[in-house]
1. Could you check the range B:175-253 for helices (runs of 4 or more DSSP H) lying wholly inside it with 3 or more residues that are farther than 23 Å from B:Arg47 by Cα and assigned by TED's automatic domain parsing to the domain that holds B:Val306?
2. Could you list, in sequence order, all residues of the range B:301-344 that are farther than 23 Å from B:Ser46 by Cβ, within 14 Å of chain A (Cβ to nearest Cβ) and hydrophobic (A, V, I, L, M, F, W, C)?
3. Say whether the condition of being touching a strand residue (DSSP E or B) at 6+ places or on another chain (Cβ under 8 Å) and either modelled with pLDDT under 85 or loosely packed, with under 14 Cβ neighbours inside 10 Å (or both) is met by at least one residue in the range B:18-33.
4. Please go through (1) surrounded by fewer than 19 Cβ atoms within 10 Å (Cβ to Cβ); (2) within 14 Å of chain A (Cβ to nearest Cβ); (3) under 30 Å from B:Ile19 (Cβ atoms) for B:Ala287 and return the number of the only condition it doesn't satisfy.
5. Could you say which residue among B:Asp323, B:Asp327, B:Asp339, B:Asp268 is surrounded by 14 or more Cβ atoms within 10 Å (Cβ to Cβ), assigned to a helix (DSSP H, G or I), out of contact with any Phe, Trp or Tyr (no Cβ under 7 Å at 6 or more places or on another chain) and among the acidic types (Asp, Glu)?
6. Open to solvent by 30 Å² or more (accessible area, probe 1.4 Å) and touching an Asp or Glu at 6+ places or on another chain (Cβ under 6 Å): does that describe B:Ile95?
7. Could you check the range B:254-291 and list, in sequence order, the residues that are among the charged types (D, E, K, R) and under 19 Å from B:Ser46 (Cα atoms)?
Amino acid sequence: MKMRLFFSVLAIWLLGSGSLVANEANAPAKILQQDQGRSFGVMVGDKIHHRFLVAVDDPYTIIQSSLPQPGDLTYWLELRDISVTSREADDRTLYLIDLSYQTFYAPLDVRALEIPAIPLDFSAGEQRTQLSLPKWEFTMSPIKEITPRGVGHDNQVEAFMKPAIAPRQFSLNELNQQTSLLAVASIMILLLLLWLQGMLPKLGLSPFTRAAREIRRIKRSKAKGDDYLASIQAVHKAINKRADGTVFASQLEQFIEQFPQFAGLKPELARFFELSRDAFFMDKRPGDSVISDCLNLCRQLAAADKVSAVK
Amino acid sequence: MNQPANSQIPAMSDWHDLIAKMEQSINQTILGQETIVRQMVIATLSRGHILLEGDVGVGKTTLLKTVAETLGGNFERIEGTIDLMPHDLVYYTYIAENGKPGVSAGPVLKHGDALSIFFFNEINRARPQVHSLLLRIMAERSVHAFNETHYFPHLQVFADRNRIEKDETFELPAAARDRFMMELHVEQPKAEAQLKDLMFNTRFHDADKLVDSADKAVVPYDQLNDVAALIQEQVKASSTLQDYGFHLCRALREPAEYGIKISDVEVDKMIKGGMGPRGISYLARGARVNAWLNQREAIIPEDFHVILKQIAKHRIFLNPVYDYNRDEIIDTLIEAALDNVASP
């Protein structure tokens, strides 16, 4: 009888403990990884970072109100920050919980302290489950001697003072580079904007000045034969460039209408077009002064163009 | 150059007067179409055929009849209808006095080689079979009938078509359009005085009487071929101008090469077909005639400008994607080519 009772109690005990083990393994919430850092040599003012990776079976989700609020936990411990990020994985949810503490305990000797456990609640509809982030025991070390060096020292406060740490020099090169790059980019954008708005002064030479230069070059080179044709062509190119399209003799009126600054030179321009027509299409050789005439016309046109640009 | 056989041919300087008289006579009869008349004169002196297109009642037929009257020579006209067949142009069939069927020469053959103007009214109402016969008459100035080939050395074909109606019409094929030297677009005159005149002046009420009032046979039609050849002979084209003409035609075919840009159009994929050798030759011939009309010894770029649109427009074929807006795109293209190709 006694033996039967013993065996039944043993069986119940074994069964119970077995089911207990099974319960833990089957609990809906589990800590998969944890990292609490060094548990010794912590000094006053140090920040302590704890990180937990918690897995919760679906459809459980964390109850936000069960998370601790940042603030003073005890007179020496402050929870500065808590962040929870979640990710769905297979049929469970992973929570990455970051806790950032700061300790203000100033021990006189090495002292064991404890950050308390944090109970977290999870819910799935009516069902609830709980998981406790474990408490953390660590030791704190003092930052100063109990008594100042040299027995019998009378000035207690001064004795603990250490010289200030010399300021550290940071290199500003990278920032300087970034600043100058930004400055150049903004100036270019500003110029582009002004250019698009047509607010930039007309830079560059008048096409007529350029043509005059070319004609002078032709004159200097003293090439025989078609040099006068090249000079006439240079003037034509300049006129076409100014009009942004081809100007034929019959379009002289429109050209003058479009660029009234040349109105004063209309007879000269008409003469030039006639001369060009004779030279290119009628195969008539113009007089010897043709290159000089072209040069003069270019100068006059350039001058008229400049006056209008200043206006 | 063969000298004309007719010793009574007026001197070339007199031809200027004749042409001026002809233009004046037409312009007195047809109001407000000076540009079109000038272009018809250019086509006539280039021995090119003309297709007139325009709205209803703007005077296309009257204009063609007047030009035909002033040119002199024998004039035939035929109306394009859907049941017109090629043999209707060549043969005339009837029941003879003896009650037997008879066949004699139709409108094209009736006048033999004295036919100077063949006027095809409403050409797009005729069937393609008729177009095809007309093509031969236009290109070769000959036709085969009664077992022999008949030649019409002085023939010029005028045709008109109404661009509003498209029902029961047969669009001219590209080959047919290419044989017309010019396609002229007739619009009604814009000037208020002219419109009032056309509205109230009784002179314009009866078109037949009006045409009848124009001077007849001002220009000897049988000398036009020789004069046209002489003009082509006499008017020079300098090498600079030849370059310009070449680039102008090339710009119409390869606009992307000349930096031509048209909004909403991919310029390099736009053109499917452009002016062929017939077209560019007509352009040069027309330019020479325009130079001659302006008493110049050589062609200048402006001579091309006067006729470029009329000669080039119906010869440019666009990618079908752009065909919906054909008129506007081609006008823009031609203007851009004139603007982008420089000379000298």
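The values are calculated or read from the model by the stated rules, or taken from the named source; none is laboratory data. On a predicted model such as this, the values are computed, not experimentally measured, just so you know. Cβ atoms come from the backbone with ideal geometry, glycine included; neighbour counts cover every protein chain shown. Ligands, DNA and RNA are stripped out before the accessible areas are found, and what is left, the full protein with its side chains, is counted by its heavy atoms. Shrake-Rupley method; radii C 1.70, N 1.55, O 1.52, S 1.80 Å.
1. Numbers: elements: B:192-200, B:207-213, B:224-234, B:239-253.
Qualifying helices (runs of 4 or more DSSP H): B:239-253.
2. B:Ala336, B:Ala342
3. Going residue by residue through the range B:18-33, those that are touching a strand residue (DSSP E or B) at 6+ places or on another chain (Cβ under 8 Å) are B:33.
Applying the additional criterion that residues be either modelled with pLDDT under 85 or loosely packed, with under 14 Cβ neighbours inside 10 Å (or both) yields none.
Scanning the range B:18-33 turns up no residue that is touching a strand residue (DSSP E or B) at 6+ places or on another chain (Cβ under 8 Å) and either modelled with pLDDT under 85 or loosely packed, with under 14 Cβ neighbours inside 10 Å (or both).
4. Just one mismatch for B:Ala287, condition (1).
5. On the way: B:Asp323 fails: surrounded by 14 or more Cβ atoms within 10 Å (Cβ to Cβ); B:Asp327 fails: surrounded by 14 or more Cβ atoms within 10 Å (Cβ to Cβ); B:Asp268 fails: surrounded by 14 or more Cβ atoms within 10 Å (Cβ to Cβ).
From the options B:Asp323, B:Asp327, B:Asp339, B:Asp268, the qualifying one is B:Asp339.
6. Numbers: open to solvent by 30 Å² or more (accessible area, probe 1.4 Å): yes; touching an Asp or Glu at 6+ places or on another chain (Cβ under 6 Å): no.
Taking the combined requirement at face value, the residue does not satisfy it.
7. Result: B:Arg278, B:Arg285, B:Arg288.
Here is a yes/no grid of residues against (1) touching a Gly at 6+ places or on another chain (Cβ under 7 Å); (2) within 26 Å of B:Ala287 (Cα to Cα); (3) of a type in the set (Phe, Trp, Tyr):
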{"site": "B:Thr29", "(1), (2), (3)": "no, no, no"}
{"site": "B:Leu45", "(1), (2), (3)": "no, yes, no"}
{"site": "B:Ile50", "(1), (2), (3)": "no, yes, no"}
{"site": "B:Gly57", "(1), (2), (3)": "no, no, no"}
{"site": "B:Leu64", "(1), (2), (3)": "no, yes, no"}
{"site": "B:Phe75", "(1), (2), (3)": "no, no, yes"}
{"site": "B:Leu84", "(1), (2), (3)": "no, no, no"}
{"site": "B:His87", "(1), (2), (3)": "no, no, no"}
{"site": "B:Leu115", "(1), (2), (3)": "no, no, no"}
